[in-house]
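Structure record follows, encoded as structure tokens.
The values are calculated or read from the model by the stated rules, or taken from the named source; none is laboratory data. These numbers come from a predicted model, not from an experiment. Reconstructed Cβ throughout: ideal geometry from the backbone, glycine too, with neighbour counts over all protein chains shown. To get the accessible areas, we keep the full protein, side chains included, count just its heavy atoms, and leave off ligands, DNA and RNA. Shrake-Rupley method; radii C 1.70, N 1.55, O 1.52, S 1.80 Å.
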Amino acid sequence: MSSPPWWQRGAIYQVYPRSFADGDGDGVGDLRGLRAHLDHLADLRVTAVWLSPVFTSPMLDAGYDVADFCDVDPVFGTLEDLDGLITDCHARGIRVVLDWVPNHSSDQHPWFLASRSSRDDLRRDWYVWRDSAPDGGPPNDWRSEFAAAGPAWSHDEHTGQWYLHSYTPQQPDLNWDNPAVEAAMHDVVRFWLDRGVDGLRIDALQRLGKDPLLRSNAGSDRRHDQDWEPVAHERLRGIRRVVDEYPDRMIVGEVYLLDQRRVVDYLSGDDQLHMAHNFVFLHLPWDAAAFRHVIAEFEALAEPDAWPAWFLGNHDHSRIATRYDDGGSGQARARAVALMLTALRGTPFLYQGDELGLPDAEIPPDRVVDVDGRDPGRAPLPWRPPSLAGPGAGFTTGEPWLPLAREAEQLCVESQAADPCSTLSLVRRLGGLRAESAALRAGDQHLLDAGPDVLAWLRTGPGERLLAAVNFATDPRPLLVPGIPGARCAVLVSTDPGRTGSPVQGGTGSPAELVLHPGEAVVLALVPDAPTT
Ligand code: NOJ
């Protein structure tokens, strides 16, 4: 089996820089704080770190409103700090993926300030400007992604036209129909790849393709404000050509489309994305059949060498331990998710705090920051018990920009590192297992029929046969795997601290049978039976 590229080997860990670690005591995480905690990433055995935006920004959408695509915001540090981070990560064998936001800029970006200054400005056409509709309202019926922002158009009194913003009014959409814009954004990609960045996460990729005629969505069976063919794919191919000017780089797209047929289109050929974040998967209910269906559908739709990116959490969603909590099962399910992502064929993406099974924080109304209700999943990471480190829990010595989760005392990194049965210890073990298993990194995958409420699959590589299974039920379930030759298996990892690593005995020719504990997930090594002579 040839060695897979770096971005297929281990997990990619998303750092949300505002909330990872604060190095200067102002209550907001920064690059200095991150550089001081790289041991944590190394202990998880992650292949790469993906940083949410650290670029110059007025922070009206937490940095996704970029005012200078090629500089670092002072709240996070300096360009030199980012260079230092890249060097430090590379010294540890960790790759660096930056978040690139091509669809829009901040309204404070010099391009937009020029564009809105006059209808005759040379940059006017760098953004999407239109006259009012005949009724005096916005040019069409497109809505902002954020319900609170309402229409996707804002009127500019000064020049008497409307500009398009798929997100907040402070995030005007760049006009990718203008080749000068496309060229300028390609130069941004080169700027970062020249600095040694290994990959980019492309924000809101589906938005790069819009109906050039700006027709309304109403009365149409398809959206005109995103995923417009073939424009979106042509633009992506242009981006990929730039990325391919550099060896061994990777692009992963945020393709926020809730239909896997649309998502895999962005992966087809070897001239588009290397990976796509799959939001169909992220939105699944806690149900074995639903997971099985989506995994099988992806495999059936995607080209055979398309590589999945499995993820169930990021900074835009309620955390796994809260979303999947059903009467106290959140922590167990966060553990099962960690195992599932590690053992599925594809690259696991972990959002910071998932390795702790961290739930959402409670945000009192007077502490709300985000326009779209996403603060609870963005609370700072607890590093040390508040009883020892004070209310900043080792995240900050100052006042944290958002309140931390109530569970910081038990769930912080320091408490969990000391406990071999903790979620953190499990996720570290899973990182090690994947690093040591060619079958998990690059082997074939085969979904099994394993009885009700159980998702089970086989991973095979030279000399290795692993069986992974997740019991989605809240009571025990036998793992019934007919047709698996070899009756003996050893438990390599279980998410249930009560399970020992002892071999499980079955009978030759009959199903290997193991009773999974409620909510338990396991990786088993299948041991072939000794040949009978
Ligand atoms: C997706 C990002 O993940 C989200 O945080 C942001 O608000 C929007 N894109 C707009 O950039």
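General observations
- Ellipticity estimate at 222 nm from DSSP helix runs (n ≥ 4, -39,500 (n - 2.57)) divided over the chain, nearest 500: -7000 deg cm²/dmol
- Dipole-positive endmost among GLN410, GLY443, VAL54 within the chain (Cβ charges, Cα centre): GLY443
- Dipole of the stretch 141-256, positive direction: furthest Cα of PRO230, GLN170, MET185, with charges on the beta-carbon: PRO230
- Plainly put, the stretch 214-267 has a radius of gyration that is 1.06 times its Kirkwood radius, both from alpha-carbon atoms, as the Rg/Rh ratio.
- In loop segments of the stretch 1-103 as defined by DSSP, the trypsin sites (Lys or Arg not before Pro) with at most 15 further C-beta atoms inside 10 Å of their C-beta are ARG92.
- Average projected area [Cα convex hull, the stretch 239-315], square nanometres: 5.6 nm²
- With viscosity 1.002 mPa s and temperature 20 °C, the Kirkwood radius over alpha carbon pairs of the stretch 1-79 converts through Stokes-Einstein to a diffusion coefficient of 157 µm²/s.
- D (Stokes-Einstein, µm²/s), Kirkwood Cα radius, the stretch 110-164, 0.890 mPa s at 25 °C: 210 µm²/s
- Computed lengthening from VAL368 to ARG92, 0.36 nm per intervening residue step minus Cα-Cα distance: 95.7 nm
- Carbon plus sulfur fraction of accessible area for the stretch 110-164, probe 1.4 Å, in percent: 51 percent
- Per residue Cα convex hull volume in Å³ - calculated over the stretch 1-137: 172 Å³
- Simple label model, 7 Å out from Cα along Cβ direction - ARG130 to ASP194, nm: 3.7 nm
- Cα centre as origin, Lys/Arg/Asp/Glu Cβ charges: the chain dipole, Debye: 1440 debye
- Net charge dipole, the stretch 244-289: roughly 240 debye, given to the nearest 20, about the Cα centre with Cβ charges of +1 for Lys and Arg and -1 for Asp and Glu.
- Sulfur and carbon atoms: percent of accessible area, the stretch 411-452 [1.4 Å]: 54 percent
- Label point 7 Å beyond Cα of ARG241 along Cβ direction - residues of the stretch 187-225 with amide nitrogen under 14 Å: 187
- The simple spin-label model puts a point 7 Å past each Cα toward its Cβ; for THR397 and ASP83 those points are separated by 2.8 nm.
- Selection from GLY390, LEU339, ALA91 lying farthest towards where the dipole of the chain points positive, charges on Cβ: LEU339
- Mean separation of Cα contacts under 8 Å, 6 or more apart, over the residue count of the chain: relative contact order %: 13 percent
- Spin-label pair SER3/GLU464, simplified geometry with 7 Å Cα→Cβ offset, distance in nm: 1.5 nm
- Relative to the dominant Cα principal axis of the chain, helix 231-243 is inclined by about 70°.
- Residue-by-residue Karplus 3J(HN,Hα) for the stretch 332-348, coefficients 6.51, -1.76, 1.60, Hz, glycine and proline x: 4, 6, 4, 5, 5, 4, 4, 5, 4, 5, 5, 9, 6, 5, x, 9, x
- Ligands, DNA and RNA excluded, the heavy atoms of TRP286 present near 40 Å² of accessible surface to a 1.4 Å solvent probe.
- In the stretch 327-478, Rg over Rh equals 1.05, where Rg is the alpha-carbon radius of gyration and Rh the Kirkwood radius from pairwise Cα distances.
- Degrees separating the helix 288-301 axis from the principal Cα axis of the chain, which is the longest one: 60 degrees
- Length gained on full extension, SER329 to ALA42: 100.5 nm, using 0.36 nm per residue less the C-alpha separation.
- Highest average first, the peptides 151-157, 457-463, 521-527 ordered by how many other beta carbon atoms sit within 10 Å of their residues are 521-527, 151-157, 457-463.
- Subtracting the Cα-Cα distance of ALA183 and SER117 from 0.36 nm times their residue separation leaves 21.5 nm of extension gain.
- When the Cα atoms of the chain are aligned to their principal axes, the ranges along those axes come out at 87, 53, 43 Å in descending order.
- For the peptides 316-327, 112-123, 272-283, residues were scored by their other Cβ atoms within 10 Å and the scores averaged per peptide; the highest-first order is 272-283, 316-327, 112-123.
- Computed with a 1.4 Å probe over protein heavy atoms only, the accessible surface of the chain comes to 38 Å² per residue.
- Whole-Å distance, taken between Cα centres, linking the stretch 26-61 and the stretch 322-390: 16 Å
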